[in-house]
C-alpha cells in the first residue's frame, strides 16, 4: 500500500538554502509575504552553553525581535565584535566561545534591552 505525503515538498536546497513553506521559493526571494518576525517580550537574553558541544562554550543570543535577514546582519556584527565565528539558526545567534559580556555590551550599544540568562 502506497502512502501519499500530505504536505511534502522541498524544505532545503544545497543550491538555494532554506525554502519558504508557503510559496516554495528560496526565503530570500519569497513571494507570499510570510516574513516571520518572532514574538516576545522585547528582552534579548544572552547565555553561555556547553551542552551537546563536546565541552566547548558557545554564547547564545535569543529573543531578538528582527526578521531573518536582519538577524544574519546582527550575527555578523557580533561575530566581528568578538573576533570569532558563529552562526544564526532558527532565530538564535550562536557565537563561538565565552563572550557573554562583550555581546551584551554590543547589543546594549545598539539600543537592545539585554538580560543575562543562566548562571
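Counting neighbouring Cβ atoms within 10 Å and putting the fewest first, the residues 47, 69 line up as 69, 47. Taking only the Cα atoms of segment 37-116, the radius of gyration and Dmax are 11.6, 34 Å.
Using C-alpha pairs under 8 Å with a sequence gap of at least 6, the mean separation divided by the residue count of segment 69-112 gives a relative contact order of 33 percent. Counting beta carbons within 10 Å around each of 98, 90, 41 and listing the fewest first gives the order 90, 41, 98. The fewest-to-most ranking of 114, 72 by surrounding Cβ atoms within 10 Å reads 72, 114. Computed from Cα atoms alone, the Kirkwood hydrodynamic radius reported for segment 37-82 is 11.9 Å.
Read the figures in this text as sums done on the coordinates, not as results from a lab. Please read these numbers as outputs of a predicted model, since none were measured by experiment. Don't worry about glycine lacking a Cβ; one is built from the backbone with ideal geometry, like all the others, and counts go over all protein chains shown.
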